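Have a look at the structure below, then the notes.
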Amino acid sequence: MQRRSYDQYCAVAKALDVIGERWTLLVLRDLVHLGPRRFSDLREGLPGISSNLLSDRLRYLEREQLIRKRRLPPPSASVVYELTELGAGLEPMIIELGRWGGNFMGDRQPSEAFFPSGHISAIRATFRPEAAQGLQVSYDFRIDGQRFHVDIDDGALTAALGEAEDPDLVIATDVETSIALMERRQSPREAVRSGAVVIEGSLGELDRCIDLLAWVPADVGKARTL
C-alpha cells in the first residue's frame, strides 16, 4: 500500500495523507480503546474487511510507525499489534471524533454490526468527569458473554476488556438492552424490573452508573452509542 497525498501544505491534509484510507482509522480505534490486539482479534472486530486488506493496512501503519508488533511471553506466545507513542497521540482525536459522530448514529440497522466492547469507545466519549469528582467506583459489565469493566477515580476513567477486580456493581444484560440504556431509551429501574438487566449491587448505584456513562439528556435522539 502506497501513501496517497492531497499535496497540500496543511496539517489536516498531512494527517489525512497518513490515516485517511478506508479502515485505517477503525484499526486505530480498536487499538486505542481495546489495547494490544492479535490479527484475529482485529479481523473479528472489523466485519467486512478481508484478511489481505487488513494485512496491508497493518503493514502500512507499521511502516508509518503508528503501530508495532510484539510477541507476548509464554504461555501465550501470540503476536499482537499495539500503538507506538506516535500512534497513541491519536487517542484524544479518536475520542472526540466518536463524540461528534454520535450525532449521525440514528437507530441501529439490522445490517450494522455492534460488539459489546463497542461500549468502551462510547463510554470514553460520553463519560461526565465533572459529575464524578471525588468518586471512586468500579463497574463490571457482562453483555452477551463479553466482559469489560469501568473504573472511576476522582473524575478519571479507565475502561477496558476483562472483569473488574472488586466491582461495586455488576451489570448483566444483552446487547440490545445495553444500547437502550446508554441511549437513555430505557430507564435502569425498568430494565431491572423487566428482567432484561440483572445486577449485583444496588439500584441506586445502577442509576448513578448510567447517569455518569450514558449520553446526557440533551443529546438523546440526536447522539447515539458509538
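So what's the chain giving for Cα Rg divided by 2.2 N^0.38 Å, two decimals? Display every interim value, and only then the final one.
Numbers: Rg = 18.7 Å, N = 226, 2.2 N^0.38 = 17.3 Å.
Cα Rg divided by the expected 2.2 N^0.38 Å: 1.08.
Exposure proxy check: His149, His119 ranked by fewest other beta carbons within 10 Å? It would help to have the intermediate numbers written out before the result.
Values: His149 20, His119 26.
Result, fewest neighbours first: His149, His119.
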Dividing the mean separation of Cα pairs under 8 Å (6+ apart) by the residue count of the chain yields a relative contact order in percent of 17
Given 37 °C, 0.692 mPa s and a Kirkwood radius over Cα pairs, the Stokes-Einstein diffusion coefficient of segment 118-219 in µm²/s is 245
On the first, second and third principal axes, largest extent first, how far apart are the outermost C-alpha atoms of segment 63-180 in Å?
40, 36, 31
How would you rank Trp100, Trp215, Trp23, going from fewest to most other Cβ atoms within 10 Å of each one's own Cβ?
Trp100, Trp23, Trp215
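Based on the Cβ-Cβ distance of Glu165 and Ala88, what FRET efficiency does E = 1/(1 + (r/R0)^6) give at R0 = 30 Å, to the nearest 0.05? Mind showing how you got there, number by number?
On the way: r = 25 Å, r/R0 = 0.82.
It comes out at approximately 0.75.
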Over the chain, the sum of -39500 (n - 2.57) across DSSP H runs of at least four, divided by residue number and rounded to 500 deg cm²/dmol, gives at 222 nm -11000 deg cm²/dmol
Among trypsin sites (Lys or Arg not before Pro) in segment 51-111, those in a DSSP loop whose Cβ has at most 16 other Cβ atoms within 10 Å are Arg108
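Do any GluC sites (Glu not before Pro) in segment 127-226 lie in a DSSP loop with no more than 16 other beta carbon atoms within 10 Å, and if so, which? Could you put the intermediate results ahead of the total?
Details: sites: Glu130, Glu163, Glu165, Glu176, Glu183, Glu190, Glu200, Glu205; in loops: Glu163, Glu165, Glu183.
Filter output for segment 127-226: Glu163, Glu165.
Each reported figure results from applying straightforward, stated rules to the coordinates on display, with no laboratory input. Quick caveat: nothing in here was measured; it's all calculated off a predicted structure. A quick note on method: Cβ atoms are made from the backbone with ideal geometry, for glycine too, and the neighbour counts reach across all protein chains shown.
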